[in-house]
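Visitor: I have a structure here, written as structure tokens, and I will follow up with some questions on it.
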Amino acid sequence: MIDITTVSVIIVVLYLLTSIKILREYERGVIFRLGRVLPQPKGPGIILVFAPIDRIVRVSLRVDTLEVPSQDVITRDNVTVKVNAVIYFRVIDPRLAILEVSNFLYATSQLAQTTLRSVLGEVDLDTLLSQREKLNVRLQSILDQHTSPWGVKVTMVEVKQVDLAESMIRVIARQAEAERERRAKVIHAEGEYMAAEKLAMAAEVIQKQPAALQLRYLQTLVEIGVEKNTTIVFPLPLDIITSLGRALDRVGTGGEAGAAKS
């Protein structure tokens, strides 16, 4: 017959074997002994959990990803958009993550949804579309402030996608087109202004040196003659036209004076 001592030894050995737990490098074990939590989490490596006196809760210290579903947000300028985001966080204090909140994953998810609607509802549509980095930093700061008592550290928040209504997309497209037309007109006007300044400077130089006008005539003829065409150009100095106009005026004045004497 089997000795009672041997049976006791076998039972103790089996109990010790079942009490051995192995925690991975990224895991920590929060131990409750007779309902009271131990001061320090256990792990990683081999630990002993003496059931039913002890109860272990495993907590991962790796960075976790939480996708915030699309939220209906009304911006400050009364535009309705759908926005979703992604949150990166990790547990830095396993004891707080277990003791201070019943489910830190669910609590962080709900807090992220309400914070996303609250923060994005305080800005207008242009800010939401153009200053997304600043909004990400603000969301991360607010979430981290609220999850810190839970032993959770929010490392990064990214607004993934902003969905607009079709009518609003058409309005934004027309606004962008009008803005480009405005820039084109401004650039064209600036070019005309600069060209007018250069022409005024050139006119001053030609006025000081009349021979420059003749050189300009010859240069124009050379440019026309380079291209093979049948255009014939007769340069006519403006001085001749001016002199001819003055002569005609004198002739007309003399004829009127003779008719008055007769």
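The values are calculated or read from the model by the stated rules, or taken from the named source; none is laboratory data. Nothing here was measured: the structure is a model prediction, and the numbers come from that model. Cβ atoms come from the backbone with ideal geometry, glycine included; neighbour counts cover every protein chain shown.
Visitor: Given (1) within 30 Å of Phe32 (Cα to Cα); (2) in contact with a Phe, Trp or Tyr (Cβ under 7 Å, 6 or more places away or on another chain), where does Met156 come up short, assuming only one miss?
Guide: Failed condition: (1).
Visitor: Among the residues of segment 27-55, which ones are closer than 19 Å to Leu14 by Cα and within 49 Å of the chain's Cα centre (by Cα)? Explain how you work it out, then say what you get.
Guide: First pass over segment 27-55, keeping only residues closer than 19 Å to Leu14 by Cα: 46-55.
Within segment 27-55, Ile46, Ile47, Arg55 meet the criteria.
Visitor: Something else: Gln145 fails exactly one of the following numbered conditions: (1) touching a residue at least 12 places away in the same chain (Cβ under 8 Å); (2) assigned to a helix (DSSP H, G or I). What is the number of that condition?
Guide: (1)
Visitor: Something else: Whether any residue in segment 60-71 is in a strand (DSSP E or B) and basic (Lys, Arg) is what I want to check. Even if it seems obvious, please write down each step before you answer.
Guide: Within segment 60-71, the subset in a strand (DSSP E or B) is 60, 64-71.
Okay, now just the ones that are also basic (Lys, Arg), so none.
Checked segment 60-71: no residue is in a strand (DSSP E or B) and basic (Lys, Arg).
Visitor: Sticking with this structure for a sec: Only one of Arg132, Arg62, Arg95, Arg58 is closer than 30 Å to Tyr15 by Cα, among the basic types (Lys, Arg), touching a strand residue (DSSP E or B) at 6+ places or on another chain (Cβ under 9 Å) and without any contact (Cβ under 8 Å) to a residue 60 or more places away in the chain. Can you tell me which?
Guide: Of the residues listed, the single one that is closer than 30 Å to Tyr15 by Cα, among the basic types (Lys, Arg), touching a strand residue (DSSP E or B) at 6+ places or on another chain (Cβ under 9 Å) and without any contact (Cβ under 8 Å) to a residue 60 or more places away in the chain is Arg58.
Visitor: Please work out if Ala97 is surrounded by fewer than 11 Cβ atoms within 10 Å (Cβ to Cβ) and of a type in the set (A, V, I, L, M). Lay out the reasoning, then the answer.
Guide: Working: surrounded by fewer than 11 Cβ atoms within 10 Å (Cβ to Cβ): no; of a type in the set (A, V, I, L, M): yes.
No.
Visitor: Tell me which residues, restricted to segment 60-71, are surrounded by fewer than 14 Cβ atoms within 10 Å (Cβ to Cβ) and touching a helix residue (DSSP H, G or I) at 6+ places or on another chain (Cβ under 8 Å).
Guide: Selection gives Pro69 alone.
Visitor: Kindly provide the set of residues from segment 116-146 that are over 14 Å from Leu66 (Cα atoms) and among the polar types (S, T, N, Q), ordered by number.
Guide: Those that are over 14 Å from Leu66 (Cα atoms) and among the polar types (S, T, N, Q): Ser118, Thr127, Ser130, Gln131, Asn136, Ser141, Gln145.
Visitor: Could you look through segment 1-38, keep only residues that are over 25 Å from Leu61 (Cα atoms) and not β-branched (Val, Ile, Thr), and pick out the one that is modelled with the lowest pLDDT?
Guide: The qualifying residue modelled with the lowest pLDDT is Met1.
Visitor: Just to be sure before I move on: is Val57 aliphatic (A, V, I, L, M), buried (at least 17 other Cβ atoms within 10 Å of the Cβ) and not in a helix (DSSP H, G or I) in the structure I sent? I'd like the intermediate steps shown before the answer.
Guide: Values: aliphatic (A, V, I, L, M): yes; buried (at least 17 other Cβ atoms within 10 Å of the Cβ): no; not in a helix (DSSP H, G or I): yes.
It is false that Val57 is aliphatic (A, V, I, L, M), buried (at least 17 other Cβ atoms within 10 Å of the Cβ) and not in a helix (DSSP H, G or I).
Visitor: Can you tell me how many residues in segment 118-145 are within 16 Å of Asp77 (Cβ to Cβ), touching an Asp or Glu at 6+ places or on another chain (Cβ under 9 Å) and surrounded by fewer than 17 Cβ atoms within 10 Å (Cβ to Cβ)?
Guide: Residues meeting the conditions: 2.
Visitor: Anything in segment 17-41 that is assigned to a helix (DSSP H, G or I) and either assigned by TED's automatic domain parsing to the domain that holds Ala97 or free of Cβ contacts under 8 Å to residues at least 12 places away in the same chain (or both)? List them, or say none. Walk me through how you get there before you give the answer.
Guide: Taking segment 17-41 as the starting set, the residues that turn out to be assigned to a helix (DSSP H, G or I) are 17-19.
Leu17 - this is the single residue of segment 17-41 that is assigned to a helix (DSSP H, G or I) and either assigned by TED's automatic domain parsing to the domain that holds Ala97 or free of Cβ contacts under 8 Å to residues at least 12 places away in the same chain (or both).
Visitor: Something else now. Looking for whichever is over 20 Å from the mean Cα position of the chain (by Cα), surrounded by 15 or more Cβ atoms within 10 Å (Cβ to Cβ) and of a type in the set (A, V, I, L, M) here; the options are Val81, Val91. Which one fits?
Guide: Details: Val81 fails: over 20 Å from the mean Cα position of the chain (by Cα).
Residue meeting the stated conditions: Val91.
Visitor: Counting only residues that are in the same structural domain as Ser141 (by TED's automatic domain parsing) and among the basic types (Lys, Arg), which one in segment 153-208 is surrounded by the most Cβ atoms within 10 Å (Cβ to Cβ)?
Guide: Among those that are in the same structural domain as Ser141 (by TED's automatic domain parsing) and among the basic types (Lys, Arg), it is Lys153.
Visitor: Of the residues Ile22, Ile10, Ile31, which is surrounded by fewer than 12 Cβ atoms within 10 Å (Cβ to Cβ), touching a strand residue (DSSP E or B) at 6+ places or on another chain (Cβ under 7 Å) and more than 30 Å from Asn136 (Cα to Cα)? Lay out the reasoning, then the answer.
Guide: Values: Ile10 fails: touching a strand residue (DSSP E or B) at 6+ places or on another chain (Cβ under 7 Å); Ile31 fails: surrounded by fewer than 12 Cβ atoms within 10 Å (Cβ to Cβ).
The match here is Ile22.
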